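The values are calculated or read from the model by the stated rules, or taken from the named source; none is laboratory data. In this text the structure is predicted, and so the values were computed from the model without any measurement. Heads up, the Cβs are rebuilt from the backbone with ideal geometry, glycines too, and the neighbour counts pull from every protein chain shown.
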Amino acid sequence: MTTIDLCADVGESFGNYEWVTDTALLDIVSSVNIACGFHAGDPRSMMATTKLAVEKGCAIGAHPGFPDLVGFGRRIMELSKEEITTDVLYQLGALQAFATGHGANINHVLPHGQLANMANVRGDYASAIVDACALFSEEMVIVAPPGQLADEAQKRNFPVAHVAFIDRNYQDNGQLVPRNQQHAVIVDEQTIIDRCKKMIIEQSVTTVSGKEWPVKCDTLLLHGDTSGAVRLAYALREALLKEGIAIQSYQS
């Protein structure tokens, strides 16, 4: 039977700023990527989201980002290798404290936003993130699309789960269309469902220009801040199950 992990970015509330979709999403997805306080999230949201993930049986992942609350981690930041390694390690340790408090461990790490984008095309950023993971746990699953980060992780014998983005358009080079460009985000529900089936079954995606690009897909990523995220997650799950594709968290 074909299986796929369906994951969502969650725990992105902080202070008086609150996302209300987390509870509903955790009833639908098989794993979660929890914000660790740098681009979003705070100790209260990390505690609540980790507790809920354990209760719902979702695999827990860390979602470390740039120290950029104002820009939601989506701005380019030129940091040293030491800064990246220590920032990521700090965020992993913080989330693990909450996981330990609920009898769980972090299963995977998926870098957020511009940190992920830069690590996928820059060897220094990729190496710094893997350095942090090596200091934390060599059994950590590193979630990334094909690129520098996935290559560096595999070179150093980390388990890698290749991620595909359900609501983002791809360029002809396999990279995501930047969010500041037109057609970066796909909003039509049926289009998203059809693309996901194609990525899983045919291991291919149609780029923004209409070309076919091969994809590796172990996990499908749903952005929790996407409009209608809960409705989309439910519709996607039902469509995949109807296709005979089982939803199951990716673990090493």
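Overview of values
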{"read-out": "Among (1) at pLDDT 90 or above; (2) under 30 Å from Thr23 (Cβ atoms) - the single one Gly224 does not satisfy", "value": "(1)"}
{"read-out": "Qualifying residues in segment 179-213 (those that are in contact (Cβ under 8 Å) with a residue 24 or more places away in the chain and touching a Ser or Thr at 6+ places or on another chain (Cβ under 8 Å)) - the one nearest to Arg75 (Cα to Cα)", "value": "Val185"}
{"read-out": "Of all residues making up segment 81-114, the number that are aliphatic (A, V, I, L, M) and touching a Leu at 6+ places or on another chain (Cβ under 9 Å)", "value": "7"}
{"read-out": "Candidate set: segment 194-244, residues that are of a type in the set (D, E, K, R) and within 16 Å of Leu25 (Cα to Cα); chosen: the one nearest to the chain's Cα centre (by Cα)", "value": "Asp225"}
{"read-out": "So Ala97, is it modelled with pLDDT of 95 or more, surrounded by fewer than 15 Cβ atoms within 10 Å (Cβ to Cβ) and of a type in the set (Gly, Ala, Ser)", "value": "yes"}
{"read-out": "Tally of residues being surrounded by fewer than 17 Cβ atoms within 10 Å (Cβ to Cβ), in contact (Cβ under 8 Å) with a residue 12 or more places away in the chain and not in a helix (DSSP H, G or I) across segment 78-91", "value": "0"}
{"read-out": "Test: residue in segment 75-94 that is small (Gly, Ala, Ser) and under 20 Å from Arg44 (Cα atoms)", "value": "yes"}
{"read-out": "Residues located in segment 117-141, provided they are over 9 Å from Thr85 (Cβ atoms) and of a type in the set (Asp, Glu)", "value": "Asp124, Glu138, Glu139"}
{"read-out": "Considering residues of segment 153-185 that are of a type in the set (Gly, Ala, Ser) and surrounded by 18 or more Cβ atoms within 10 Å (Cβ to Cβ) only, the residue modelled with the lowest pLDDT", "value": "Ala164"}
{"read-out": "Where a residue in segment 236-252 is surrounded by 17 or more Cβ atoms within 10 Å (Cβ to Cβ) and its partner, wherever it lies, is of a type in the set (Val, Ile, Thr) and part of a loop (DSSP other than H, G, I, E, B), with Cβ under 6 Å and at least six apart", "value": "Arg237/Ile28; Ile245/Thr2"}
{"read-out": "Residue check for Ala134: farther than 22 Å from Glu238 by Cβ and either assigned to a strand (DSSP E or B) or touching a strand residue (DSSP E or B) at 6+ places or on another chain (Cβ under 8 Å) (or both)", "value": "no"}
{"read-out": "Top-ranked residue in segment 101-118 [being of a type in the set (Gly, Ala, Ser) and within 22 Å of Gln148 (Cβ to Cβ); ranked as surrounded by the most Cβ atoms within 10 Å (Cβ to Cβ)]", "value": "Ala116"}
{"read-out": "Residues (aliphatic (A, V, I, L, M), surrounded by fewer than 16 Cβ atoms within 10 Å (Cβ to Cβ) and at pLDDT 95 or above) located in segment 1-47", "value": "Met47"}
{"read-out": "Odd one out for Ala94 among (1) in a helix (DSSP H, G or I); (2) closer than 17 Å to Leu221 by Cβ", "value": "(2)"}
{"read-out": "The one condition in (1) outside any helix (DSSP H, G or I); (2) under 23 Å from Ile129 (Cα atoms) that Gln182 fails to fulfil", "value": "(2)"}
{"read-out": "Filtered residues of segment 53-74 (kept if crowded, with 20+ Cβ neighbours inside 10 Å and part of a helix (DSSP H, G or I))", "value": "Ala53"}
